[in-house]
1. Looking at (1) in a helix (DSSP H, G or I); (2) surrounded by fewer than 21 Cβ atoms within 10 Å (Cβ to Cβ), which one does G345 not meet, given that it meets all the others?
2. Could you grab me the full set of residues in segment 318-332 that are open to solvent by less than 40 Å² (accessible area, probe 1.4 Å) and farther than 13 Å from A362 by Cα?
3. From G20, G68, grab the single residue that is open to solvent by less than 10 Å² (accessible area, probe 1.4 Å) and either assigned to a loop (DSSP other than H, G, I, E, B) or over 14 Å from S111 (Cβ atoms) (or both).
4. Counting only residues that are open to solvent by 10 Å² or more (accessible area, probe 1.4 Å) and free of Cβ contacts under 8 Å to residues at least 40 places away in the same chain, how many does segment 23-40 have?
5. Could you run through segment 222-236 and say how many residues are without any contact (Cβ under 8 Å) to a residue 24 or more places away in the chain and either part of a helix (DSSP H, G or I) or more than 22 Å from A285 (Cβ to Cβ) (or both)?
6. Given the conditions (1) within 30 Å of S97 (Cα to Cα); (2) among the β-branched types (V, I, T); (3) in contact with a Leu (Cβ under 7 Å, 6 or more places away or on another chain), and given that V272 satisfies all but one, which numbered condition is not satisfied?
7. Quick one: which of G86, G149, G140, G118 is open to solvent by less than 10 Å² (accessible area, probe 1.4 Å) and in contact (Cβ under 8 Å) with a residue 24 or more places away in the chain?
8. Considering (1) outside any strand (DSSP E or B); (2) of a type outside the set (D, E); (3) open to solvent by 30 Å² or more (accessible area, probe 1.4 Å), say which one V356 fails and leave the rest.
Amino acid sequence: MQDIANALVSQFTVKGADAGPLAGSTFVAKDIYDIRGHVTGCGNPDWAATHDVAAATAPAVQKLLDAGATLSGKSHTDEIAYSLMGVNAHYGTPVNSAAPDRIPGGSSSGSVAAVAAGMVDIGLGSDTGGSVRMPASFCGVYGIRTTHGMIDLSHVMPLASSFDTAGWFARDAETFAEVGVAYGMDAKADAGPVRLIVAVDAMQRTTGDGAQSFAPVIRRLEEMFGEAEIKSIAVTDLSDWLEVFKVCQAAEVWQAHGDWVTRTQPDFGPGVKERFDMAASITGAMWKDAGSKRSEIAARMADLIGEDGVMITPSSPGAAPLRSADGVSLDQFRMAALELLCPAGLAGLPQISLPVGTDDGAPLGLSLVAGKQQDWKLLSIARKLSA
């Protein structure tokens with residue numbers, strides 16, 4: 001396989017089972033997943049140099065192998081998965097084949113680039129703050145953040161454990177759903193009764209012609225499930241939720257990696273270094289206060305969505321920034337995007353990004369969010385829409 005998108009850390013083959021829902025398909029795994037016999041580099045040379053070869057393969061990878069998919073290599077990630085842009089100071093920026101002058105998004109940058117370029121059928125990534133949802137939006141493919149705790153993340157580098165989830169990319173809805181089947185989801189079942197909710201405060205945060213491009217798909221969803229309710233996600237403002245997310249995530253990041261950072265003094269690229277510095281400054285009192293607010297946010301999301309609700313929201317405020325954008329512009333975009341992405345993470349909910357919109361001629365994803373353990377419902381809706 002030719003790496004036409006600078007997507008891969010290393011190429012090797014681990015053959016999948018002869019039969020299963022993914023038989024004959026290929027995938028890559030983000031370089032935070034352990035593969036027996038390979039070093040897990042996590043996007044940073046100092047991490048790779050200070051960690052041993054993996055003794056076991058992560059269960060999340062093994063599930064895909066057991067379902068018949070063949071592993072074709074390990075894919076690039078932003079450093080320690082602590083970013084959303086896909087720009088790595090050490091290994092470069094993978095190519096966004098849907099918009100080559102734009103960034104691919106991260107931190108699951110290599111996995112999305114490999115799928116968008118047609119190199120593999122499936123890209124295994126992870127999503128803590130949006131690291132599958134936003135790259136999927138940028139590159140015009142399907143992507144999912146699964147319900148927190150649904151997929152085993154042992155032998156996977158943690159970032160912020162109460163937010164970390166497995167997720168994946170695919171170019172078509174059928175393959176997208178079949179990966180869910182491999183993980184034990186009834187992804188071919190009918191979605192059943194669905195109560196649609198358009199998140200108006202999130203929709204108002206889209207730029208350019210993004211929101212207008214979603215209109216035909218929202219109309220189709222309403223034809224399938226009935227007229228959508230129009231509601232705001234946040235009682236106050238989504239920026240308040242972002243502050244809660246930033247504190248909770250940063251505290252957990254430092255809890256997971258503070259000792260290694262202090263001991264190793266790794267060479268971090270721009271942005272990542274500043275985020276680790278911020279993480280080191282979070283106090284116990286700040287974390288406790290944010291945790292209390294997080295519980296209120298989770299209750300608000302549970303009340304809005306309930307058992308049958310599916311919330312419609314943009315995956316990103318706009319199309320991917322240009323590859324030539326400076327660091328300040330990228331960080332501003334990242335903050336705006338996290339306002340849209342943090343609600344599902346704070347509440348531990350599943351969210352899919354559908355490749356159905358455009359902004360400035362580039363892809364823009366529309367997201368659907370459901371209640372906990374309702375991942376199969378989202379995959380079912382994706383299949384039904386594509387049909």
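The values are calculated or read from the model by the stated rules, or taken from the named source; none is laboratory data. Here the structure is a predicted model, which is why all the values come from computation and not from measurement. Glycine gets a Cβ as well: all are built from the backbone with ideal geometry, and neighbour counts include every protein chain shown. Calculation scope for accessible area: heavy atoms of the full protein, side chains included, ligands and nucleic acids excluded. Shrake-Rupley method; radii C 1.70, N 1.55, O 1.52, S 1.80 Å.
1. Status for G345: all satisfied but (2).
2. Across segment 318-332, the qualifying residues are A325, L330.
3. From the options G20, G68, the qualifying one is G68.
4. 4
5. 1
6. Condition (3) is where V272 drops out.
7. Going through G86, G149, G140, G118 in turn, the sole match is G86.
8. Tallying (1) outside any strand (DSSP E or B); (2) of a type outside the set (D, E); (3) open to solvent by 30 Å² or more (accessible area, probe 1.4 Å), V356 fails exactly one: (1).
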